[in-house]
Amino acid sequence: FPYTTLFRSWASAATLDAVIVDQQGKPLDDAVLTLQGPLGKPVVAPKADMDQRDKQFAPYVLAVHTGTQIAFPNSDNIRHQVYSFSPTKRFELRLYEGTPSQPVLFDKPGVVVLGCNIHDWMLGYVYVTDDPWFATSDDDGSLKLDQLPAGRYRVTLWHPQSVDMQPQSGGEIDVQATGIQQRFSLIVR
């Protein structure tokens, strides 16, 4: 009976409540945590936005799944020229206001550093992952991943100030059906 199967799969879904801190124990905002583990299909948004507000990228760090199309709306009342020379995704959106008509497809995993040719101080990051579960920490270093199948997961951590901008291993965790709370430490410059 399909209803019973649906109820069983929903009832076994767990939550990871995590806090990411630096090597001094201070909460890290804009840190990305990804999980690779038991089979399961998380909800993956095929589209995302990286806005520009007050001459800043918003959000500062955007984590997306490989294959996501990202729109770059410009909410400022001035023009921006967004670009990336990163090997993961090279592109340029010429001087514009509003929202360019075509989103940019991020089709390879890795880190993409964004800039604006007009405003040199503007920096933003897109973290593209093949891992099925991921989230970015808030101002308190906290994040939450819901609807995880119980099981063992390999954890990867990343932050714009990570050494050589490379992801770091967060070890492995066992997620029980009741959920888990975990603190992770990330070495940053």
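The values are calculated or read from the model by the stated rules, or taken from the named source; none is laboratory data. Note that the structure is a prediction, hence the values are computed from the model and not measured. Please note: Cβ atoms are built from the backbone with ideal geometry, for glycine as well, and neighbour counts cover all protein chains shown. The accessibility values were calculated without ligands, DNA or RNA, using every heavy atom of the protein model including side chains. Shrake-Rupley method; radii C 1.70, N 1.55, O 1.52, S 1.80 Å.
Given segment 30-93, report the % of alpha carbon pairs whose separation exceeds 13 Å.
So the portion of pairs separated by more than 13 Å is 72 percent.
The residue among 75, 38, 23 whose Cα reaches farthest toward the positive pole of the charge dipole of segment 13-77, with charges on the beta-carbon of Lys, Arg, Asp and Glu, is 38.
Average accessible surface for the chain: 55 Å² per residue, computed with a 1.4 Å probe over protein heavy atoms with every protein chain in place. Filter the chymotrypsin sites (Phe, Trp or Tyr not before Pro) in segment 22-100 to those in DSSP coil with at most 15 other Cβ atoms within 10 Å of their Cβ, and list the result. Passing sites in segment 22-100 are 60.
Residues in segment 166-180 carry Karplus couplings, in order, of 9, x, 10, 6, x, x, 10, 10, 9, 9, 7, 4, 7, x, 8 Hz; the curve used is 6.51 cos²θ - 1.76 cosθ + 1.60 with θ = phi - 60°, and Gly or Pro positions show x. When only Cα pairs below 8 angstrom with a gap of at least 6 residues are kept, the chain shows a relative contact order of 33 percent. With r defined as the distance between the Cβ atoms of residue 164 and residue 13 and R0 fixed at 45 Å, what FRET efficiency is calculated, to the nearest 0.05? Approximately 0.80, to the nearest 0.05. Computed over the chain, the per-residue total of -39500 (n - 2.57) for DSSP H runs of n ≥ 4 gives a 222 nm mean residue ellipticity of -1500 deg cm²/dmol, rounded to 500. In the chain, the portion of solvent-accessible area held by carbon and sulfur atoms comes to 51 percent [1.4 Å probe, whole percent, DNA, RNA and ligands not counted]. Could you tell me which label, among [x] 8, 35, 36, 17, 5, 0; [y] 9, 33, 32, 18, 7, 1; [z] 9, 38, 37, 13, 2, 0, carries the value of P(r) over Cα pairs in 10 Å bins from 0, in percent calculated for this structure? Comparing each candidate, only [y] matches the computed number.
Amide H contacts of residue 130 (H built 1.01 Å from N, in plane; Pro and chain starts excluded): 66 sit under 5 Å, all sequence-distant by 5 or more or on other chains. Per-residue Karplus couplings for segment 93-98, computed as 6.51 cos²θ - 1.76 cosθ + 1.60 with θ equal to phi - 60°, are listed in order as 10, 4, 2, 8, 10, x Hz, Gly and Pro entered as x. Under 5 Å from the amide H of residue 122 lie the amide H atoms of 116, each residue being 5 or more positions distant or on a separate chain, with H modelled from the backbone and absent for Pro and chain starts. What is the local net charge at residue 29, summed over the other residues whose Cβ is closer than 13 Å to its Cβ (Lys, Arg +1; Asp, Glu -1)? Residues close to residue 29 contribute a combined charge of -4.
The Cα-based radius of gyration and maximum Cα-Cα distance (Dmax) for segment 90-189 are 16.9, 50 Å. What's the tally of Lys pairs in the chain whose alpha-carbon atoms lie under 20 angstrom apart, where the two lysines are 8 or more places apart or on different chains? For the chain, qualifying lysine pairs total 6.
With both labels modelled 7 Å from their Cα along Cα-to-Cβ, the residue 142 to residue 107 distance reads 4.0 nm.
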